[in-house]
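Scroll down for the structure; my scribbles are underneath it.
The values are calculated or read from the model by the stated rules, or taken from the named source; none is laboratory data. Small disclaimer: the values here were computed from a predicted structure and weren't measured. Quick reminder, even Gly has a Cβ in these numbers, built from the backbone with ideal geometry, and neighbours come from all protein chains shown.
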Amino acid sequence: MQKYYAVVGACFIPFLAVVLLYLNGRKKWVGAAHTNRPVTVAALVLALLFFAVYAALVFYAPNLIGHSDNYIPANPLQTPAHIVPEWYFLPFYAILRAIPSKLLGVVALIASIGILAFVPWLDTSKVRSTRYRPLYKWFFWLFVVTCIGLGYLGSQPPEGWYLVFGRLFTVYYFGFFLVVMPVVGWIERPSQLPGSITEAVLGKKKKRAPPAKVKS
């Protein structure tokens, strides 16, 4: 019965997104106007695809992305020597263990998730696409490496070089949002922007030369 509740709960978010998209009416993105009908249909297709993959994992492969240690019976008299959370919690778990103080570690854990809600205000650049921001692009890929590194360090014991790199990655994780995003947005000169989203995807269309007039 819990699997059915999980499927229903997972389908609620895509369904709510489609409803809000439909009620919001028409949108205009980068010079290209779209009616709500094709956008809603595309959102429905993506929601159904998400539902199919999620249902396949829940009903046919529930242990595919789980951990084998979850089947070990808990011993209330013994604390596990090395606790490994699920893979999507590993970066935040590494941030929690990188700080010596337990209280500050919990604060950093909550802040690492809550800071994502302030990204629209922390990013001071008027250009949102990283494709046209040559300087910011390097910091962004370094941030991707940082998140992957934190994910790996979260699965390792907090000792030696694992702890040192965990603290370095934690500093850059928060520095990316609090320093890199505001400062780079002010000082960076973005590349030339396209005239529309069609031009960005398909490129500029070459103008055809007018046909030569035939002399009578």
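Quick rundown of the values:
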item	result
Search result, residues across region 89-118 that are crowded, with 18+ Cβ neighbours inside 10 Å and of a type outside the set (Phe, Trp, Tyr)	90, 91, 94, 95, 96, 97, 98, 108, 109, 112
All positions within region 52-106 that are among the hydroxyl-bearing types (Ser, Thr, Tyr) and under 24 Å from residue 173 (Cβ atoms)	88, 93, 101
Scope region 156-199; condition assigned to a helix (DSSP H, G or I), touching a residue at least 40 places away in the same chain (Cβ under 8 Å) and not assigned by TED's automatic domain parsing to the domain that holds residue 97; matching residues	197, 198
Filtered residues of region 153-193 (kept if over 19 Å from residue 100 (Cα atoms) and among the aromatic types (Phe, Trp, Tyr))	176, 177, 186
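To keep it simple, each residue is scored yes or no on (1) in contact with a Pro (Cβ under 7 Å, 6 or more places away or on another chain); (2) farther than 27 Å from residue 163 by Cβ; (3) at pLDDT below 80.
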| site | (1), (2), (3) |
| --- | --- |
| 13 | no, yes, yes |
| 27 | no, yes, yes |
| 43 | no, yes, yes |
| 55 | no, yes, no |
| 80 | no, no, yes |
| 98 | no, no, no |
